[in-house]
Structure formats: C-alpha cells, structure tokens
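First comes the structure, then the notes that go with it.
The values are calculated or read from the model by the stated rules, or taken from the named source; none is laboratory data. Small disclaimer: the values here were computed from a predicted structure and weren't measured. In this analysis, Cβ positions are derived from the backbone assuming ideal geometry, glycine residues included, and neighbour counts consider all displayed protein chains.
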Amino acid sequence: MAAMLNYWMLAGRSLLLFGMLPIFSGSLMGLQGWLWNRDAAAFAENLREVDGHVLRILPVGGELLVDVEYLTDSGMRFEKQLRIDTNQESGLRSVRKVSLIYDVRYPQTAELGHVVSAHNEKLMYMAMTAGGIFTLLWGLTYFGIRTREALRTLSLFRSGALARTEVRDVALAPGTQTGRFAYAFRGPDGRWYDGRSPEMGAALLSSWPVGKQILVAFNPANPRQTEVDIFGVVDDKRRDAILTA
C-alpha cells in the first residue's frame, strides 16, 4: 500500500485536478442539485398559477413595493407584498394585475412567475444533478486509471524479471519543474531496450544523477514493458542479489 501511495503521489497535480477534485466537486454538485431538484419537483407538482390583483403601488428607493391580493383554488384570500422594478410601473397601473404562482401546501406564500418558469427551474436542477454525476464519474474513472497503472507497475516488480543498469540521461520538461531520467538495459534476447522513469518533480529527480545504478523490472515476454524501481519496491534480498552480481 505504501508503494502504491508513492506512485499515486507521482501523479501529483494531475491526480488532484482530474481525480480528487472532480470526485469532490461532482459529489457536492450532484447532491446539491438532487436536493434542489427534489424541492423544485415537489413545488412544481403542487404549484398553482393565479392572477394577483394590484391593491397598492408604493415607489421606494428605485423599486416598487406592490401589494397584491389573490384567491386560491379553495377560495381563500391572501395578500402579498412584492418588489418589482420601476420600469414595470406603467404596465401595473394600467393592467392592475400580476401573474403569481403559489404552493397549495403553503398558499400564503406566493411569488411572481408562471408554471412554465417553475418547470424550467426543475429542469435546471436536473441538469445540475446530471452534471455532478458526470463529473464524479470522470474523477472516479481517472482515479481508477491511475490505480490500475500503479497496480500494473507493482505487479511487474513482483512477477517480472530484474536487470541492473544505470541512469543515462536526466531532463526536465521545457518550462516545468518536472522531468524524467532515461536508461537502457539488455533483455534476455541480447538486445538493448530503452526506458524512461515516471515523471517526477525536480527535487526527486535530483536524487537520480547520470551514472547512478538502478534496478529495472521488465516483462520477459515483452521487454519493452519496463519499470524502474525508484521507491525500493523490490525486496532487499532480490535487490542485493542483482546489484552485487
């Protein structure tokens, strides 16, 4: 497990940005969207549309306070004070009514709007939930890919063949503080095979200067499949037997 954590850590920023962050943000967005959608669905199911009759219009600091009266389906009468932009004043004074929606469970609470707008809000929260689920699945998939890569690497150290070689070249990627070192080893068929270390930060890379001896695990059936042991995964007994041979 410690070795797997080390190989996970090599992913560094990419694992955080494309794995952990999408998992966290997707879970949060999906849960919040589901909760809002649940409330919006209940509201849409129980809402009613009604015309509210304007009783009073009171200009206050660039807005209008409008007192309206409306009747529910059951004949109950309620009054509600609403804030409306001043550019709607002339229309209100001529028409003397506004379109309201209210929840039959709480008929005393009403707001400006239409049934269509309420259903559109529900669709928006459904889209938010779907977006959260997609983001979560993206993060889980990326995390799974990195986990599979780490497991494949560890499996190669356990079941593959080992070869001793040395660091041949060290290079940082242009414009970054990460890089790799290169190596080559002779396979069982007598041919030389090139390999590169996993990408790592400059601080860790400095521990692998040119000429340093390293231990490489490779698949005997496919020597191009190779991994260098940078975290001491190979047990000391096997390591000593190869390095001192």
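If LEU65 meets every condition in (1) surrounded by 13 or more Cβ atoms within 10 Å (Cβ to Cβ); (2) at pLDDT 90 or above apart from one, which number is that one?
All conditions are met except number (2).
Given the options ALA182, ALA202, name the one that is surrounded by 11 or more Cβ atoms within 10 Å (Cβ to Cβ), modelled with pLDDT of 90 or more and within 21 Å of GLY232 (Cα to Cα).
None of the other options fit; the residue is ALA182.
Consider only pairs whose beta carbons are under 8 Å apart and that are at least six residues apart or on different chains; among these, list those whose first residue lies in segment 168-179 and is assigned to a strand (DSSP E or B) and whose second residue is polar (S, T, N, Q).
LEU172/THR178
Could you grab me the full set of residues in segment 82-100 that are polar (S, T, N, Q) and either outside the structural domain of TYR70 (by TED's automatic domain parsing) or outside any strand (DSSP E or B) (or both)?
Correct list: THR86, ASN87, GLN88, SER90, SER94.
Would you confirm whether or not segment 132-139 contains a residue that is within 30 Å of ILE230 (Cα to Cα), surrounded by fewer than 16 Cβ atoms within 10 Å (Cβ to Cβ) and in the same structural domain as GLY52 (by TED's automatic domain parsing)?
yes
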